[in-house]
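Data first, discussion second: the structure below is written as structure tokens.
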Amino acid sequence: MITLRSAVVSAAKTQSDVVCIFVFEDEKIFKVQTRKLSEIFPSLGVALKSDTFTGKFQETQTLFPSEMKAKLILVGLGKSESVTLERLRRVAATAAKTANSLKAKSLALFEPSPTNLQAEIKGSAEQIAAALAEGAALASYKYRKYLTTEKTTNATLRVVTLCTEDATRKKSVASGVAYAQVVTAATCFARDLANAPPNEIYPETLARQAHSVGRKNRFSVRVFDEKKIARLKMGGVLAVAQGSDRPPRFIIMEYKRGKQSSPTIVLVGKGVTFDAGGISIKPAAGMSEMKMDMSGAAAVIATMQAVAALKLPVNLIGLVPAVENLLGGRAMKPGDIVTHLNGKTSEVDNTDAEGRLILADALAYASRWKPDVVIDLATLTGAVVVGLGHHATGMMGNAQAVMDQLRESGERTFERVWQLPMFEEYEKQNKSDVADVKNSGGRWAGAITAALFLKQFIGKYNWVHLDIAGTAIMSEALDYVPRGASGVGVRLLVDFLQRWRGSR
Ligand code: BES
Ligand code: MN
Ligand code: ZN
């Protein structure tokens with residue numbers, strides 16, 4: 001994990017191995033910036049005049065000024081009117097990757113001159129610093145735990161310093177960087193949990209991870225074992241878990257730093273530590289991806305960590321039903337009927353629709369806290385991946401105000417969500433002849449029928465369901481999201497929780 005720092009300093013005076021200056025593409029600004037650079041670093045005269053580098057978005061040029069030990073990289077920002085917080089994350093990602101390929105251990109990122117930025121982000125030194133720091137830290141992530149021969153392990157970027165030359169911005173830059181440190185550490189922790197192999201992370205060890213996060217960040221963690229789960233009659237959790245030799249766990253995390261009058265929010269994360277599909281077994285190709293079927297759980301645990309580290313004034317509960325969905329002589333079968341915590345029954349039409357079976361119990365259990373809002377995160381359906389691909393999380397629920405706020409948080413953090421309808425006409429696809437509801441709604445609108453199944457089990461609270469199957473598991477890398485687990489949900493939820501002020 002990258003250490004993030006901030007400093008008031010000038011480019012020639014940094015102690016970092018690599019110094020990055022972001023350069024605007026606009027001709028006038030470009031000229032001013034390069035003239036200033038040639039004044040500070042006269043040795044660069046010719047190199048700066050070559051017109052190969054024009055400041056286009058994410059274009060890079062590496063320079064070796066003799067005036068300082070550090071290498072200098074120029075990274076294009078594109079035209080000033082096109083600069084957004086997301087573009088800042090991406091150019092910082094480019095800078096971090098370039099620094100890494102130069103074998104740098106430390107990188108100084110200079111914030112672009114605010115006078116050249118659009119009015120919307122100009123005022124906010126804090127957001128600019130946070131975005132740059134986030135991009136650099138998230139882009140530097142790699143899951144290395146089991147790479148025993150990789151030589152680059154200790155030759156990689158360690159420290160990124162967000163630099164400003166304007167002392168009046170010192171405080172804002174520092175607080176943006178502090179925020180970024182917390183959310184990127186939590187996001188990378190969520191990535192680590194989801195990327196970890198299923199022989200390392202199974203229900204008991206996932207619970208152990210939650211325990212250790214709670215201990216370090218001073219929130220309470222309780223874990224129910226299979227006996228307690230049976231006593232509570234969490235039939236869905238038991239049914240899915242019965243096919244595995246690894247017993248289920250039900251994880252309860254409680255962070256209470258709000259006033260008594262402040263809202264209680266419950267987060268629920270799908271914790272299927274491996275999803276083979278059960279008797280309705282999945283095809284072999286790509287099945288290993290299903291070690292990441294606990295990405296919702298990872299996001300919830302990591303969000304608890306971030307919220308506690310930031311000491312946000314909220315009451316936050318995290319619930320994780322944790323199971324393995326395997327095959328065996330005791331595994332649940334298509335046709336089985338399960339009785340859930342709230343007494344409702346569901347027919348197991350497809351054992352691969354296991355996520356909704358365990359979430360049903362967790363959503364019913366959430367009522368105990370009389371929450372204002374319950375948000376569940378789950379890698380729930382292949383259908384949402386077909387519908388939205390890897391660039392938007394599917395969102396459904398009964399609370400439009402909460403969903404609107406989540407949508408805004410999604411735009412800000414670029415962990416975007418997109419609402420799908422829950423028209424009642426879809427409901428008949430979940431109809432069962434023999435139980436209250438059936439766990440698969442057939443081929444069409446699979447993300448929606450899954451949400452409508454969950455709706456049967458919610459209590460009297462505002463509820464939002466986030467289907468992260470497409471956004472949590474990346475088959476290709478993005479600028480600051482590597483292939484594999486993205487850690488999606490953490491930055492989204494922290495932004496939301498920071499702004500959420502009760503039902504409106
Ligand atoms: N974990 C899967 C959903 C999934 C698929 C996540 C692809 C990430 C990538 C879930 O448990 C599942 O198998 N869902 C089934 C439901 C169906 C049987 C009704 C699906 O989407 O095919
Ligand atoms: Mn499944
Ligand atoms: Zn699953």
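The values are calculated or read from the model by the stated rules, or taken from the named source; none is laboratory data. Model, not experiment: these values are computed from the prediction. Here the Cβ positions follow ideal geometry from the backbone for every residue, glycine too, while neighbour counts run over all protein chains shown.
Does the stretch 434-444 hold any residues that are touching a residue at least 60 places away in the same chain (Cβ under 8 Å), assigned to a loop (DSSP other than H, G, I, E, B) and more than 9 Å from ligand 1 (Cβ to nearest atom), and which are they?
Within the stretch 434-444, V434, A435, D436 qualify.
Mind listing whichever residues of the stretch 452-477 are in contact (Cβ under 8 Å) with a residue 60 or more places away in the chain and assigned to a loop (DSSP other than H, G, I, E, B)? Break it down into steps so the answer makes sense when it comes.
Residues of the stretch 452-477 in contact (Cβ under 8 Å) with a residue 60 or more places away in the chain: 453-454, 456-476.
Once the filter is applied, which keeps residues that are in contact (Cβ under 8 Å) with a residue 60 or more places away in the chain and assigned to a loop (DSSP other than H, G, I, E, B), the stretch 452-477 yields Q456, F457, I458, G459, K460, Y461, I468, S475, E476.
Looking at the stretch 1-24, I want the residues that are more than 24 Å from T184 (Cα to Cα) and have a partner that is of a type in the set (K, R) and surrounded by fewer than 22 Cβ atoms within 10 Å (Cβ to Cβ) with Cβ atoms under 9 Å, at least 6 apart or on another chain. Which pairs are those?
F24/K79
Kindly check whether there is at least one residue in the stretch 6-26 that is of a type in the set (V, I, T), touching a helix residue (DSSP H, G or I) at 6+ places or on another chain (Cβ under 6 Å) and either over 30 Å from Y179 (Cβ atoms) or assigned by TED's automatic domain parsing to the domain that holds G410 (or both).
The first filter runs over the stretch 6-26 and keeps only residues of a type in the set (V, I, T), leaving 8-9, 14, 18-19, 21, 23.
Add one more test, that the residue is touching a helix residue (DSSP H, G or I) at 6+ places or on another chain (Cβ under 6 Å), and what stays is 8, 18-19, 23.
Cutting the leftovers down to either over 30 Å from Y179 (Cβ atoms) or assigned by TED's automatic domain parsing to the domain that holds G410 (or both) gives us none.
Looking for residues that are of a type in the set (V, I, T), touching a helix residue (DSSP H, G or I) at 6+ places or on another chain (Cβ under 6 Å) and either over 30 Å from Y179 (Cβ atoms) or assigned by TED's automatic domain parsing to the domain that holds G410 (or both), one finds none in the stretch 6-26, hence no.
For the stretch 8-29, how many residues are buried (at least 18 other Cβ atoms within 10 Å of the Cβ) and not in a loop (DSSP other than H, G, I, E, B)?
Looking only at that region, the number is 9.
Of the residues K311, K344, only one is surrounded by fewer than 19 Cβ atoms within 10 Å (Cβ to Cβ), assigned by TED's automatic domain parsing to the domain that holds G235 and on the phi < 0 side of the Ramachandran plot; which?
Details: K311 fails: on the phi < 0 side of the Ramachandran plot.
Exactly one of K311, K344 is surrounded by fewer than 19 Cβ atoms within 10 Å (Cβ to Cβ), assigned by TED's automatic domain parsing to the domain that holds G235 and on the phi < 0 side of the Ramachandran plot, namely K344.
Identify, from the list A190, A137, A194, A131, the residue that is over 30 Å from S288 (Cβ atoms) and not in a strand (DSSP E or B).
The match here is A131.
Here are some residues: K370, K282. Which one is within 15 Å of ligand 3 (Cβ to nearest atom), assigned by TED's automatic domain parsing to the domain that holds N439 and under 24 Å from L452 (Cα atoms)?
K282
Which count do you get for residues in the stretch 227-267 that are without any contact (Cβ under 8 Å) to a residue 24 or more places away in the chain, surrounded by fewer than 19 Cβ atoms within 10 Å (Cβ to Cβ) and not in a loop (DSSP other than H, G, I, E, B)?
Number satisfying all stated conditions: 4.
Within the stretch 120-154, can you find the residues that are β-branched (V, I, T) and at pLDDT 95 or above?
Within the stretch 120-154, I128 is the sole residue that qualifies.
Would you point out the residue of the stretch 367-420, among those that are over 19 Å from the mean Cα position of the chain (by Cα) and buried (at least 23 other Cβ atoms within 10 Å of the Cβ), that is nearest to N315 (Cα to Cα)?
Looking at residues that are over 19 Å from the mean Cα position of the chain (by Cα) and buried (at least 23 other Cβ atoms within 10 Å of the Cβ), I get V373.
What do you reckon, is T351 within 15 Å of ligand 3 (Cβ to nearest atom), part of a loop (DSSP other than H, G, I, E, B) and closer than 18 Å to V237 by Cα?
Yes; evaluated as a whole, the condition is true for this residue.
Got a sec? Which of E415, E411 is closer than 21 Å to W500 by Cβ, in a loop (DSSP other than H, G, I, E, B), modelled with pLDDT of 95 or more and not basic (K, R)? Break it down into steps so the answer makes sense when it comes.
On the way: E411 fails: in a loop (DSSP other than H, G, I, E, B).
Every option except E415 fails the conditions.
Listed here are the residues, each with its yes/no results for (1) of a type in the set (D, E, K, R); (2) closer than 24 Å to G243 by Cβ.
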position	(1), (2)
D361	yes, yes
Y365	no, yes
I375	no, no
A378	no, yes
V402	no, no
Q405	no, no
E424	yes, no
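Return the residues of the stretch 98-125 that are of a type outside the set (S, T, N, Q), crowded, with 19+ Cβ neighbours inside 10 Å and either within 19 Å of I2 (Cβ to Cβ) or out of contact with any helix residue (DSSP H, G or I) (no Cβ under 7 Å at 6 or more places or on another chain) (or both); say none if nothing qualifies. Show your work before the answer.
At the first step, the residues of the stretch 98-125 found to be of a type outside the set (S, T, N, Q) are 99, 102-105, 107-112, 114, 117, 119-123, 125.
Those left that are additionally crowded, with 19+ Cβ neighbours inside 10 Å: 99, 104, 107-112, 117, 125.
Scanning the stretch 98-125 gives A99, A104, L107, A108, L109, F110, E111, P112.
Of the numbered conditions (1) without any contact (Cβ under 8 Å) to a residue 12 or more places away in the chain; (2) in a strand (DSSP E or B); (3) of a type in the set (A, V, I, L, M), A284 satisfies every one except a single condition; which is it?
The number of the failed condition is (2).
Determine whether G296 is outside any helix (DSSP H, G or I), within 14 Å of ligand 3 (Cβ to nearest atom) and buried (at least 19 other Cβ atoms within 10 Å of the Cβ).
On the way: outside any helix (DSSP H, G or I): no; within 14 Å of ligand 3 (Cβ to nearest atom): yes; buried (at least 19 other Cβ atoms within 10 Å of the Cβ): yes.
Here the answer is no, as G296 does not meet what is asked.
Give me the residue from the stretch 197-226 that is among the aliphatic types (A, V, I, L, M) and assigned to a helix (DSSP H, G or I) and, out of that set, nearest to A485 (Cα to Cα).
Looking at residues that are among the aliphatic types (A, V, I, L, M) and assigned to a helix (DSSP H, G or I), I get L206.
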